[in-house]
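Heads up: the structure comes next, in structure tokens.
None of the figures in this text is laboratory data; all of them are computed from the coordinates on show. Nothing here was measured: the structure is a model prediction, and the numbers come from that model. Don't worry about glycine lacking a Cβ; one is built from the backbone with ideal geometry, like all the others, and counts go over all protein chains shown.
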Amino acid sequence: MKKIKAILLISAAIGAAAAFTGCGKQKVDLNSFIKVESEGYDGYGNASYSVDTESLEAALASIVDSDSNIQSLENLMSGELDKTESLSNGDTVTFTWSISENQKKNIEDELGIDIVYESLESTIEGLPNYVKTVDEIPQSVLDVMLEKSDKVIADMQTDEATEAEYCGKALYEHKNFDSYKVHTIAVLETENGSNIVLIIYELHFSVHGDVTTYYPTAFTYIKDSDEGLESSDISLSDWRAFITTKVGDYTYYGHDSIDEFKSGTLDWWINILPYGFDQATGNYDYKEY
């Protein structure tokens with residue numbers, strides 16, 4: 001999976017990183033070579049910093065005599081962020097240097113330059129959110145979800161339904177539905193702020209009379225951004241939901257009414273799902289497809 005990262009701040013342009021001081025030495029602004037980055041999602045973001053060594057070496061190539069001397073400066077460039085976890089968009093993090101006055105003087109004497117630096121403040125931005133409504137799902141993400149979900153439902157009618165074995169195995173065993181189509185998409189908010197997204201299918205049976213049922217596939221942790229995502233990052237959740245309904249003397253897979261997905265039955269069903277599904281809060285959004 002490609003991580004979503006946002007570069008929050010580079011304090012000054014690289015071209016302005018080195019300037020002459022009045023005494024003839026060149027001044028190097030270390031802040032120009034610090035990057036503060038964030039990843040994760042809104043409310044649960046992580047921040048880290050790094051030194052842009054490539055830009056630093058390019059800026060110092062005509063100032064410092066040898067690569068080893070530049071390496072000495074790179075080794076000195078460290079500090080810490082006051083906050084690194086549970087971050088939200090709009091939060092401010094501060095980077096503080098860990099360079100002593102003695103270290104500063106030694107490196108200046110070794111390289112023949114003046115170095116300057118100060119604390120950096122950066123604002124967290126660009127962290128994606130978990131979707132809370134169907135309309136917040138990016139179309140590119142929804143397209144992948146539908147493609148994978150359709151394949152699972154279709155494979156459930158065949159003997160080589162390997163994907164179906166871990167997503168709705170019961171439906172795979174009941175292979176006599178004639179047709180299927182996506183009826184509704186639902187987003188369920190969970191207690192930890194993430195989500196469960198259901199693709200609810202309308203299944204048509206005729207083997208024992210005309211019967212229609214509704215059966216879901218499930219995805220989790222769907223965000224409102226597709227930046228950095230690959231198809232492999234969007235996967236059906238590992239579950240075995242045995243949802244059945246009885247019509248006359250026969251049992252069919254799925255609910256007999258779409259309303260079952262909008263009632264207290266859904267609370268019960270979601271909260272008993274195995275394999276670590278988070279508790280649903282009861283905040284749902286539905287949209288017919």
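Side notes on the structure shown:
- Among 85-94, 193-202, the order from most to least packed when residues are scored by Cβ within 10 Å on average: 193-202, 85-94
- Amide proton proximity set for K223, modelled H, under 5 Å, gap of 5+: V131
- Residues S149, S235, ranked from the fewest to the most other C-beta atoms within 10 Å, line up as S235, S149.
- Note that region 67-73 has calculated 3J(HN,Hα) couplings of 4, 5, 5, 5, 4, 4, 5 Hz, one per residue in order, obtained from phi through the Karplus relation 6.51 cos²θ - 1.76 cosθ + 1.60 (θ = phi - 60°); glycine and proline are x.
- By other beta-carbon atoms within 10 Å, ranking T84, T217 with the fewest at the front produces T84, T217.
- Fewest-first ranking of F205, F95, F33, using other Cβ atoms within 10 Å as the exposure measure: F205, F95, F33
- Using the Cβ-Cβ distance between K105 and E125 with R0 set to 25 Å, the FRET efficiency works out to roughly 0.10.
- Long-range HN-HN contacts of G254 with modeled amide H, under 5 Å: I243, T244, T245
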